[in-house]
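Comments concern the structure below.
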Amino acid sequence: MSDQNPLAGSIFPPSPEFVAQANVSGMAAYQALYDEAAARPEQFWGHLAETELAWQQKFDHVFEWAPPFSKWFVGGQLNASYNCLDRHLDGPRAHKAAIIWEGEPGDTRTITYTELHRLVCRFANSIKSLGYQTGDRAIIYMPMVPEAVVAMLACARLGIIHSVVFGGFSAEALKARIQDLGATLVITADGGWRRAKEVKLKPAVDEALLECPEVKHTIVLRRTGSEPEMMEGRDLWWHTLDETSHDDCPAVPVDSEHPLFVLYTSGTTGKPKGILHTTAGYLLQTTMSMKWVFDLKENDVYWCSADIGWVTGHSYITYGPLSAGATNVMYEGTPDTPAFDRWWQLIAKYKVTLFYTSPTAIRALIRQGDQWPDAHDLSSLRLLGSVGEPINPAAWEWYHRVIGKGRCPIVDTWWQTETGAILIAPMPGAVPLKPGSGTLPMPGILAEVVDLDGKPVPPDAEGYLIIRRPWPSMIRNIWGDPDRYAQTYWGRMEGVYFTGDAARRDADGYFWVLGRVDDVMNVSGHRLSTMEVESALVRHPAVAEAAVVAKPHEITGQAVCCFVTLKKGDYNHDVLGKELRQWVAHEIGAFARPEEIRFSEALPKTRSGKIMRRLLREIVTSNTVAGDVTTLEDMGVLTRLAAQQDEP
C-alpha cells in the first residue's frame, strides 16, 4: 500500500470490552486453537464434530485423503435439516426467532425455530407425496422469502440434492443448470419484488422446461399474486399441496459424505461448474465459523445481506446460522428502495448486532453520502463483516467510522464457493485488524503464498495463495466432471489446493488477497495488482468506485486501464482524468500511471454485487464481449461502456 494511504500501517486491536466477552478471547487463545488444529487435525476436527453436531450414527474415523478427493467423518450418519432445526426444539431456542423477514413492500414475518420446523416438515411431506426421495435432485429458483430456506431444508431433510439458482438468472441459465444436474423437480414462485417491480420467475421456468422433459413437477409459491400459466399435471401450487400435508416428517439419516447441494458458478467457456458440497464437513465448518468469525451469542440478531442463490446465502443465511441457533434477518429487496437508507432503517428497526455485506455494496452506499446512515440509530451493531472481494482501505475506514461508529470490529472474510466456509478472517476478540487484510487463517487452514514452483515467497512479496491441507467444508467434486475438478483445483501444483487468487503475506503473517491471478498486471516488468490501483483511485475524493484491468500494450506489455464511477458532483472529465492518472502515479509509482481512464455511471456487476472485471478486459482488448454474461445484472452497462470513447 502507498504511504499516502491514510490507514497505511494502522492496526486496530480489539477493544478490552470486546475481548472480555469474545468466544475466542485474545491472541494466545487464537494461537492455541490454530496450533492444536495444525498439530493434531484428526483429533481437533473429530472432537468438534462430536460436540457441535447431532449424529444419528457416529463416524468411524475422521478423514480419508486420496488426492484430490477427500472424505470427512467416514461412516457417520446425520441430517443437515435436523441439525438446523430439531436439535434446537428441546430448549429455550424452540421459541426463539429463527428468521425475521421483511419483504421489499414492507410486509414482515417472524418465524420461530418451532414454526420453521413445522413449515419444513410440511413442505418435505408435500415433496414426498409426489414420489421424490433420497438421491433425487431439485432446483430451487426463488426470491428472498423464508420459503427459499424452507425449500432448502426440506430437501436436506429427505436427502434430496438441491441446487439454488439465483432468481435473476435467465431461462437459458436456468435450463443449463437443470440439465446438468439432472433435476426432476423445480421449486419456484410466481415472482418476487425488486426495486418496486415484480420480477417474474414462473415464465422463465416455463421457457426453460421446454427443453427439460425430465422435470416431472414444478411447485409454485404464491408471492406477488400474479397469475402465471400452470400446466396441468406438472405445475402445482405450494399452498394447495400444503393443505393436505402434515407436521410430522422425520429427518432421513444420510451418510456424512452424502451430497447436500450443488451450486453453479459461471466461467469464461459459458458452461457452468457445478460445485459439489457434502453434508457433515460443510455443516461443521460453517457452524464453527459463525462462532469463531462472527462471535455469535445467543441474543445476537444477525443479518447477512447476500442472496440465497449464492454460496454466502447457503453458508451464512441458511446452514451456518441455523445450525448455530442464530436469529437471522432476511430482506427481499435492494438497499436503495424506496431510498438509500433502507438497510440502515432495517438495522435500527430490528436492532441488528452482526451485519455482513459486500465491499461493492459499501462503496455504492458511500457514494450516496453519510446523511443516510446518520439518520438512523445504529448503536445495536457490535460487529461488521465484509465478503466477496478484498475491501479497499477507504471503504473499510468509512464502514468502521460511519456504520460502526469506530467501535465495531470488521471481519474481512476470504473464502470461495469452493471452500464452503470462511478460511481467512480475523477472530474479532483476538486478532488486531489491518484495513485491507483478511488477517489470519482459521484453525486447520494451512495457507501459504508461493511462487509457480510451489515455494514460499518472502514476506510482502506477491505470489499465489494456496492451501496445503484439505479442510472439512472443501469442494468434493465438480458435478459430473471429476477430471475438470482435479485439473482446476489440484492440477496447478501437486498436492495443494490452488485458489486462483494472488496474495502477499506481511511480516506479521497477515494475508493480503490481491484478487484473481488474472487480475495481476505486468507493466514494464512490474507486477501490479489491480486491487492496489483500485484502492489508490477510491482514495481520491471524487471517486466512488473503480475497476482496473490490463490491456495489451506494444511497449510495456500491459497497460493500466481504469473504469471509474464518480461521487455526485460536477466534473470536467478531461481535467479529472489527467488528475487521476497523476494521483495513481503519486500513490503507487510512475510505472502504475494509467494508460486510460474511462468514466461510467455504473460498472458491470453480477447480481451478487461483484464487479465483472473479465468483461471489462474483453471490452478494452476487443471492444466486444464473448464470454458468459448470465450472471450480469444490467446488460445496458456493457453496451454503454463498449460504445464509450476513451477519455484523453
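The values are calculated or read from the model by the stated rules, or taken from the named source; none is laboratory data. Because the structure is predicted, anything quoted here is derived from the model rather than measured. Cβ: placed from backbone, ideal geometry, glycine included. Neighbour counts: every protein chain shown.
Could you say whether any residue in the range 382-405 is assigned to a loop (DSSP other than H, G, I, E, B), touching a Gly at 6+ places or on another chain (Cβ under 8 Å) and of a type in the set (A, V, I, L, M)? Give the steps one after another, and end with the answer.
First pass over the range 382-405, keeping only residues assigned to a loop (DSSP other than H, G, I, E, B): 382, 387-392, 404-405.
After this cut, where a residue has to be touching a Gly at 6+ places or on another chain (Cβ under 8 Å) as well, the list is 388-392.
Keeping just the survivors that are of a type in the set (A, V, I, L, M) gives 391.
Scanning the range 382-405 turns up at least one residue that is assigned to a loop (DSSP other than H, G, I, E, B), touching a Gly at 6+ places or on another chain (Cβ under 8 Å) and of a type in the set (A, V, I, L, M).
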Check your understanding: Quick one: Ala394 ticks every box in (1) over 21 Å from the mean Cα position of the chain (by Cα); (2) closer than 20 Å to Gln31 by Cβ; (3) of a type in the set (A, V, I, L, M) bar one, so which box is it?
Key -> (2)
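Within the range 559-596, count every residue that is under 15 Å from Arg640 (Cα atoms) and either in contact with a Gly (Cβ under 6 Å, 6 or more places away or on another chain) or in a helix (DSSP H, G or I) (or both). It would help to see each step written out before you state the result.
If we filter the range 559-596 for residues that are under 15 Å from Arg640 (Cα atoms), which is where we start, we get 563-565.
Retained after the next criterion (residues that are either in contact with a Gly (Cβ under 6 Å, 6 or more places away or on another chain) or in a helix (DSSP H, G or I) (or both)): none.
Qualifying residue count, the range 559-596: 0.
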Review point. Can Ser600 be described as modelled with pLDDT of 70 or more and either among the aliphatic types (A, V, I, L, M) or in contact with a strand residue (DSSP E or B) (Cβ under 9 Å, 6 or more places away or on another chain) (or both)?
Key: yes
Check your understanding: For Gly333, are the conditions met, namely being in contact (Cβ under 8 Å) with a residue 24 or more places away in the chain, in contact with an Asp or Glu (Cβ under 9 Å, 6 or more places away or on another chain), closer than 26 Å to Lys605 by Cα and not in a helix (DSSP H, G or I)?
Key -> yes
Review point. Which pairs do you get when a residue that is without any contact (Cβ under 8 Å) to a residue 40 or more places away in the chain, found in the range 172-186, comes within reach of a residue that is among the small types (Gly, Ala, Ser), reach meaning Cβ atoms under 7 angstrom, with the pair 6+ apart or on two chains?
Key: Leu174/Ala204; Leu174/Ala208; Lys175/Ala208; Ile178/Ala208
Practice item. Tell me, yes or no, whether the range 103-113 has at least one residue that is crowded, with 23+ Cβ neighbours inside 10 Å and either free of Cβ contacts under 8 Å to residues at least 12 places away in the same chain or touching a Phe, Trp or Tyr at 6+ places or on another chain (Cβ under 8 Å) (or both). Key: no
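For the structure I just gave you, tell me whether Thr244 is among the polar types (S, T, N, Q), part of a loop (DSSP other than H, G, I, E, B) and either over 31 Å from the mean Cα position of the chain (by Cα) or crowded, with 19+ Cβ neighbours inside 10 Å (or both).
Working: among the polar types (S, T, N, Q): yes; part of a loop (DSSP other than H, G, I, E, B): yes; either over 31 Å from the mean Cα position of the chain (by Cα) or crowded, with 19+ Cβ neighbours inside 10 Å (or both): yes.
When the stated conditions are applied, Thr244 passes them.
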Revision key, fill the gap. Selection over the range 18-55 where residues are over 19 Å from Thr279 (Cβ atoms) and either outside any helix (DSSP H, G or I) or in contact with a helix residue (DSSP H, G or I) (Cβ under 6 Å, 6 or more places away or on another chain) (or both) yields a count of 9
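Given the options Ala339, Ala306, name the one that is in contact with a Gly (Cβ under 8 Å, 6 or more places away or on another chain), part of a loop (DSSP other than H, G, I, E, B) and in contact (Cβ under 8 Å) with a residue 24 or more places away in the chain. It would help to see each step written out before you state the result.
Details: Ala339 fails: in contact with a Gly (Cβ under 8 Å, 6 or more places away or on another chain).
Answer to the check: Ala306.
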